[in-house]
Amino acid sequence: ALVSLRQLLDYAAEHGFGIPAFNVSNMEQVQAIMQAADACDSPVIMQGSAGANRYAGEVFLRHLIMATVEQYPHIPVVMHRDHAPSPDICAQAIQSGFSSVMMDGSLLEDMKTPASFDYNVDVTRTVVKMAHACGVSVEGEIGCLGSLENKTGQAKNRLLTDPEEAVEFVEQTQVDALAVAIGTSHGAYKFSKPPTGEVLVISRLRELQQRLPNTHFVMHGSSSVPQDWLKVINEYGGDIPQTYGVPVDEIVEGIKYGVRKINIDTDLRMASTGAIRRYIADPANASELDSRKIYQSARDAMQALCQSRFEAFGSAGNA
Ligand code: G3H
Ligand code: 13P
Ligand code: ZN
């Protein structure tokens, strides 16, 4: 059944687990996630970005997610709009049936320029009013994502969510979930070496939770950048420089401090890219023309990855 983010995160908080929120833009990803969730009995959050809308088209994306509700009626599914740049875009998603939206007011509508606190409160509050009237949940963001490597002083401060600001933001907007900045960033290039507490500041979550014990936190940029998939990609013709993501153990630590939604996109891209490269390079498949076999290899790889995240974050067994 389609559920709101708030319903699911309240339940997760009650039971002390976190839920991966996977970005989706095609059928194989959607099916991989659902097959994994079905196998380990986990609730699901699937989210669509602007890039996903450009790739698949909003209509196809929405129907792909809604197909899972019909196919797996026993699994709670949240259909979430990731990083909406304005209240207008949130309104569109609400109208088309999303059960949750992220109003990303940490940046201006260009999605590049850091926004003022007042702007962020203003747009987020507007969306909360609108969304709550429709039974839809809202995620807001306070602080800007970005790598802390080689940053000090003021520059570093801007990239870490300020606890006092977070308290004020939650009070003034009444968001259902709060994305926080603790040193992660989007994409595969998060850290140039395995992250320490200096650049992946899990301790900030503890400070945030002390002041906001009832707020559900969201960790963006939470791909772990699996080293085994990196190796597979490079073994079969890829050329990806050495890079590190957010270790699963650190996410599990974050879940103790109120992290409930864990955004993952890059890891599924890596698993499918690696699986496809490996499948095509295998001489045993040289005469294969049924391209479904290629997609199948990607779907299997993504399913395994999803299942290991459901299990690690504790959502398995909680559908
Ligand atoms: O929010 C970031 C996601 O990784 C979305 O990326 O816009 O390329 O789909 P995308
Ligand atoms: P990754 O690039 O680490 O997978 O993060 C995705 C994300 O935060 C989407 O909002
Ligand atoms: Zn994000």
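The values are calculated or read from the model by the stated rules, or taken from the named source; none is laboratory data. All values reported here derive from a predicted model rather than from experimental measurement. All Cβ positions, even for glycine, are placed from backbone atoms using ideal geometry, and neighbour counts span all protein chains on display.
Numbers below:
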item: Flag if L200 is in contact with an Asp or Glu (Cβ under 8 Å, 6 or more places away or on another chain), of a type outside the set (K, R) and away from ligand 1 (no atom under 16 Å from the Cβ); result: yes
item: Among the residues listed as G274, G221, the single one being in contact with a Lys or Arg (Cβ under 8 Å, 6 or more places away or on another chain) and not β-branched (V, I, T); result: G221
item: Near pairs, Cβ below 6 angstrom, 6+ apart or cross-chain, from segment 14-27 (on the phi > 0 side of the Ramachandran plot) to any residue that is more than 14 Å from ligand 3 (Cβ to nearest atom) and among the basic types (K, R); result: none
item: Among residues of segment 272-297, those that are farther than 18 Å from I33 by Cβ, surrounded by 12 or more Cβ atoms within 10 Å (Cβ to Cβ) and not polar (S, T, N, Q), counted; result: 9
item: Failed item, numbered, when V218 is tested on (1) away from ligand 3 (no atom under 16 Å from the Cβ); (2) within 29 Å of Q7 (Cα to Cα); (3) of a type outside the set (D, E); (4) crowded, with 19+ Cβ neighbours inside 10 Å; result: (1)
item: Residue check for V175: closer than 14 Å to L148 by Cα, modelled with pLDDT of 95 or more, part of a loop (DSSP other than H, G, I, E, B) and under 21 Å from the mean Cα position of the chain (by Cα); result: no
item: Complete set of residues in segment 96-146 that are within 16 Å of ligand 2 (Cβ to nearest atom) and surrounded by fewer than 15 Cβ atoms within 10 Å (Cβ to Cβ); result: M111, K112
item: Exclusive hit being over 15 Å from D228 (Cβ atoms), among the hydrophobic types (A, V, I, L, M, F, W, C), within 16 Å of ligand 2 (Cβ to nearest atom) and touching a helix residue (DSSP H, G or I) at 6+ places or on another chain (Cβ under 9 Å), set I276, I262; result: I262
item: Checklist (1) within 16 Å of ligand 1 (Cβ to nearest atom); (2) in contact (Cβ under 8 Å) with a residue 12 or more places away in the chain applied to R54, failing item; result: (2)
item: Residue within segment 237-252 that is part of a helix (DSSP H, G or I), within 13 Å of ligand 1 (Cβ to nearest atom) and crowded, with 17+ Cβ neighbours inside 10 Å present; result: no
item: Some residue of segment 29-45 being of a type in the set (G, A, S) and within 16 Å of ligand 1 (Cβ to nearest atom); result: no
item: Qualifying positions in segment 30-52 - within 16 Å of ligand 3 (Cβ to nearest atom) and either in a strand (DSSP E or B) or in contact with a strand residue (DSSP E or B) (Cβ under 8 Å, 6 or more places away or on another chain) (or both); result: I45, M46, Q47, G48, S49, A50, A52
item: Test: residue in segment 128-141 that is within 16 Å of ligand 1 (Cβ to nearest atom), over 17 Å from H186 (Cβ atoms) and without any contact (Cβ under 8 Å) to a residue 60 or more places away in the chain; result: yes
item: Flag for E141 being farther than 17 Å from L8 by Cα and away from ligand 3 (no atom under 14 Å from the Cβ); result: no
item: Residue that is farthest from the chain's Cα centre (by Cα) [pool: residues in segment 231-251 that are within 20 Å of I262 (Cβ to Cβ) and in contact (Cβ under 8 Å) with a residue 12 or more places away in the chain]; result: T243
item: Breaking point among (1) within 16 Å of ligand 3 (Cβ to nearest atom); (2) buried (at least 22 other Cβ atoms within 10 Å of the Cβ), for L9; result: (1)
item: Long-range neighbours under 9 Å by Cβ, at least six apart or interchain, first residue modelled with pLDDT of 95 or more and small (G, A, S) within segment 64-91, second within 16 Å of ligand 3 (Cβ to nearest atom) and part of a helix (DSSP H, G or I); result: A84/A50; A84/C90; A84/A93
